[in-house]
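So the structure is just underneath, and the comments pick up after that.
Rule-based calculations on the coordinates, nothing more; no lab input. Since the model is a prediction, treat every value here as computed from it, not as a measurement. Cβ atoms come from the backbone with ideal geometry, glycine included; neighbour counts cover every protein chain shown.
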Amino acid sequence: MPHPVRPNASPISPDSQTTSSDEHPKTPPPAGTYVIQVPKEQVYRYPPPENARRYANYTRKKTHPCRRCCCCICGLIIFLITLSVLLILAAVTCGLIFRPETPNYELDSIAVMGMNLTSSLISPEFDISIKAENGNEKIGIYYDTDSSVEIFYRDVSLCNGALPVFYQPSNNVTMFQTVLKGNGIELARSDRRALVKAVEKRRMPLSLAVIAPLEVKVGSVMKLKIRVELNCDLTVDELTAQAKIVHKVCHHGWDWNLSL
């Protein structure tokens with residue numbers, strides 16, 4: 001019986017192995033480069049601690065800051081609305097209880113000095129009397145500082161001053177005086193000529209402007225601040241200490257604010 005023919009199992013020669021390696025040479029890594037092989041299970045299942053903390057921060061439920069801002073704004077709006085309503089109710093209650101009235105003012109008299117129209121510069125002095133009437137039955141008025149009184153000829157300010165600081169009780173009429181002074185006032189040539197003609201006719205037009213800050217105390221906590229403005233167009237017969245008011249038209253306005 002013939003024996004099967006077996007192939008020759010001779011080992012591969014070194015020449016053939018070298019030839020196959022030379023056909024596909026491996027590129028060496030660049031200098032200073034290290035290749036680290038990590039098992040796949042460790043990469044996907046066990047992240048480093050810093051990545052784990054970062055992942056936890058991303059997945060954690062975050063509080064939205066815009067919601068806090070909206071809550072603060074809504075709370076502030078509700079507080080302001082409540083405060084406004086309380087102030088309105090307090091003002092209405094005080095109005096019903098005390099029935100406040102604005103004081104009335106009237107220019108009573110005026111005396112003029114220092115109006116020497118022959119000089120290039122004048123230093124006038126006006127002594128005026130103003131009547132103030134407080135018709136409130138339960139409210140007194142405090143006349144504060146920072147008041148102003150001014151007299152004009154046309155648009156030229158001749159003199160200025162302030163009202164006295166005092167307290168006016170309820171149901172009271174007070175006549176107070178104030179001295180207004182000007183120094184080195186120079187009139188334009190046209191204004192000087194017009195004023196000389198007015199003196200000859202014994203009808204000198206003047207204007208009076210008064211600003212008076214007042215304070216009214218309602219109870220022991222609440223205060224009512226009033227700013228009164230008095231404006232008068234008047235005509236005097238002469239520019240002397242014996243001057244008389246021959247015509248006047250006065251009107252006054254006021255505004256107020258409530259504070260605690």
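Using only the alpha carbons, work out the radius of gyration and Dmax of the range 104-259 in angstrom.
17.4, 57
Going by C-beta contacts inside 10 Å, put Phe166, Phe126, Phe176 in order with the fewest on the left.
On the way: Phe166 11, Phe126 27, Phe176 15.
By the 10 Å Cβ count, ascending: Phe166, Phe176, Phe126.
List the relative contact order of the range 97-253 as a percent without decimals, with contacts defined as Cα pairs under 8 Å and 6+ residues apart.
25 percent
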